[in-house]
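**Student:** I'd like to ask you about the structure that follows.
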Ligand code: HEC
């Protein structure tokens, strides 16, 4: 009787160890997936995010909502999510013409950001195209470089 009880307990422990191992594997896997997702996003996004904070946020605001009648929002606007060349050109040349965003007209000029590198412009534009609920495609440094070369007011 004693022997049987002992082996029963041993058997149970064995299953328990197995369960622990499976749980451990499961959490390791979860961790890997999670850190993968992070590392996939972070290099470009953290560069874009800090550039946004440094150069754009004061006017376009933290949530990209802009300031009514002063600075247009970066949400609900095809300037941001649409044609890449037009968007890149806005950053390289600035913008100084009345525009309508979300049924509101804006007149204030925006200065050029051509002093930023191709990579920096690509990063900040990719950031605004994928932030604030925007779901558009990234912009590559190479694409900025092409537009910069074509641009008449090139630096
Ligand atoms: C000094 C304030 C200011 C700063 C800083 C600024 N902008 Fe703007 N931005 C404006 C204004 C004003 C307009 C509207 C210009 C016009 O109507 O001609 C505008 C327009 C835009 C537009 C097109 C309109 C829209 O909302 O879709 C985009 C895109 C844009 N800005 C992106 C940026 C990015 C990216 C940065 C940072 C690198 C930045 N802006 C920095 C004031 C600013």
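The values are calculated or read from the model by the stated rules, or taken from the named source; none is laboratory data. Note that the structure is predicted; figures quoted are calculated from it, not measured. Quick reminder, even Gly has a Cβ in these numbers, built from the backbone with ideal geometry, and neighbours come from all protein chains shown.
**Student:** Could you list, in sequence order, the residues of region 55-71 that are within 15 Å of residue 129 (Cβ to Cβ) and within 6 Å of the ligand (Cβ to nearest atom)?
**Tutor:** 56, 60
**Student:** Can you pull out every residue in region 126-142 that is in contact with a helix residue (DSSP H, G or I) (Cβ under 6 Å, 6 or more places away or on another chain), over 11 Å from residue 87 (Cβ atoms) and not in a helix (DSSP H, G or I)?
**Tutor:** Result: 134, 138, 140.
**Student:** Being under 15 Å from residue 56 (Cα atoms) and under 17 Å from the mean Cα position of the chain (by Cα) narrows it down to one of 111, 123, so name that one.
**Tutor:** 123 is the lone residue from the list that is under 15 Å from residue 56 (Cα atoms) and under 17 Å from the mean Cα position of the chain (by Cα).
**Student:** Quick test of your reading of the structure: residue 85 fulfils all but one of (1) surrounded by fewer than 18 Cβ atoms within 10 Å (Cβ to Cβ); (2) under 16 Å from residue 143 (Cα atoms); (3) without any contact (Cβ under 8 Å) to a residue 60 or more places away in the chain. Name the failing condition by number.
**Tutor:** Going through the list (1) surrounded by fewer than 18 Cβ atoms within 10 Å (Cβ to Cβ); (2) under 16 Å from residue 143 (Cα atoms); (3) without any contact (Cβ under 8 Å) to a residue 60 or more places away in the chain, residue 85 breaks only (3).
**Student:** Consider region 75-112. How many of its residues are part of a loop (DSSP other than H, G, I, E, B) and under 22 Å from residue 148 (Cα atoms)?
**Tutor:** Residues that pass the stated criteria total 8.
**Student:** Quick check: anything in region 40-50 within 10 Å of the ligand (Cβ to nearest atom), at pLDDT 95 or above, over 18 Å from residue 101 (Cα atoms) and part of a helix (DSSP H, G or I)?
**Tutor:** Yes.
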